[in-house]
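Engineer: Let me begin by handing over the structure; questions about it come next.
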Amino acid sequence: MLKENLKNVQDNIAEACMKVKRNPEEVTLVAVSKTKPLSDIEELMTYGVTEYGENKVQELCDKFENVSKPVHWHLIGHLQTNKVKYIVDKACLIHSVDSVHLAREIEKQAEKKNVVANILIQVNIAHEETKFGIDEKNIYDILDEIKSFKHIKVKGLMTIAPFVENPEENRDYFRKMHQLLLDIKSKNIDNIDMSILSMGMTNDYMVAIEEGATMVRVGTGIFGERNYNI
Ligand SMILES: *Cc1c(COP(=O)(O)O)cnc(C)c1O
């Protein structure tokens, strides 16, 4: 099942790229493996999948320790400052930085471990009360502080779009994110690299790609439904 699902997602990515004349190689697929067993990850690894997304620090650390070969781990869920120390040298990319306070702790822990942490700034583009992420109007204030951190590299932006029946409803939000990314890029701020736009999940990754996503986070579409009760 995993093999067919993966093929289907890869085909959809290629199709969305073709529609807007983008090169599929510009789009990185992150397989969101949260709640799923290591055996699923091991199987996907044999099909060449190297990027895995987890939303919990503990689960990322457990899988990091137990996987048979090194792969890249993306922290995509909300990160509490007291947990930064556990993942700062394990996550290849932290997608969910939404405050200077959190960035400061990442800087501190990354310095201790002598690494540079790659991060994305999470933007709550639909201003949903239930979601984490900054208001886009604060982005420049935040970047202005983070740009001087020596152990952090800002690689781009991330958003979690609203849960909607029809993915077209999120198109405007994706477009706004892309525009924001381009605006920031045009300012050429030191130490701020806007090469990654992480947006699009199982329900809406094709629309996200059409609007400029360079990284999509797909869980259900690859692994099937999650069961939180086990
Ligand atoms: C769970 C999760 C995903 C994947 O969701 P699916 O709808 O299963 O594809 C993507 N991004 C984040 C931040 C998530 O928490």
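Engineer: All but one of (1) within 15 Å of the ligand (Cβ to nearest atom); (2) touching a residue at least 12 places away in the same chain (Cβ under 8 Å) hold for Thr130; which doesn't?
Structural biologist: (2)
Engineer: Out of everything in segment 182-208 that is part of a strand (DSSP E or B) and among the hydrophobic types (A, V, I, L, M, F, W, C), what residue ends up being farthest from the ligand (Cβ to nearest atom)? Break it down stepwise before answering.
Structural biologist: Kept after step one, since they are part of a strand (DSSP E or B), are these residues of segment 182-208: 192-198.
Narrowing the set further to residues that are among the hydrophobic types (A, V, I, L, M, F, W, C) leaves 192, 194, 196-197.
Working: Ile192: 22, Met194: 20, Ile196: 14, Leu197: 14 Å.
Selected residue: Ile192.
Engineer: Here's a follow-up. Provide a single number: the residues in segment 209-230 that are under 13 Å from the mean Cα position of the chain (by Cα) and away from the ligand (no atom under 11 Å from the Cβ).
Structural biologist: Residues in segment 209-230 being under 13 Å from the mean Cα position of the chain (by Cα) and away from the ligand (no atom under 11 Å from the Cβ): 2 in total.
Engineer: Does Met199 satisfy the condition of being at pLDDT 95 or above and either surrounded by 23 or more Cβ atoms within 10 Å (Cβ to Cβ) or of a type in the set (Ser, Thr, Tyr) (or both)?
Structural biologist: yes
Engineer: Just wondering, is there one or more residues in segment 156-177 that are in contact with a helix residue (DSSP H, G or I) (Cβ under 7 Å, 6 or more places away or on another chain), near the ligand (Cβ under 10 Å from one of its atoms) and assigned to a helix (DSSP H, G or I)?
Structural biologist: No: zero hits.
Engineer: Also: When you check Lys150 against the structure, is it assigned to a loop (DSSP other than H, G, I, E, B), without any contact (Cβ under 8 Å) to a residue 60 or more places away in the chain, more than 16 Å from the ligand (Cβ to nearest atom) and basic (Lys, Arg), yes or no?
Structural biologist: So Lys150 fits the description; yes.
Engineer: I need the full set of residues from segment 27-82 which are β-branched (Val, Ile, Thr) and within 18 Å of Val216 (Cα to Cα), in order please.
Structural biologist: Val27, Thr28, Val30, Val32, Ile41, Val49, Thr50, Val71, Ile76
Engineer: Among the candidates His178, His151, single out the residue that is more than 17 Å from the chain's Cα centre (by Cα) and not hydroxyl-bearing (Ser, Thr, Tyr).
Structural biologist: Numbers: His178 fails: more than 17 Å from the chain's Cα centre (by Cα).
It is His151.
Engineer: Would you mind telling me which numbered condition in (1) without any contact (Cβ under 8 Å) to a residue 60 or more places away in the chain; (2) over 20 Å from Tyr205 (Cα atoms); (3) surrounded by 22 or more Cβ atoms within 10 Å (Cβ to Cβ); (4) touching a helix residue (DSSP H, G or I) at 6+ places or on another chain (Cβ under 6 Å) Trp73 fails?
Structural biologist: (2)
Engineer: Taking Ile125 as the residue in question, decide whether it is at pLDDT 95 or above, within 18 Å of Met194 (Cβ to Cβ), assigned to a loop (DSSP other than H, G, I, E, B) and of a type outside the set (Ser, Thr, Tyr).
Structural biologist: In short, yes.
The values are calculated or read from the model by the stated rules, or taken from the named source; none is laboratory data. Because the structure is a prediction, the values reported are computed rather than measured. All Cβ positions, glycine included, derive from the backbone under ideal geometry; neighbour counts span all protein chains shown.
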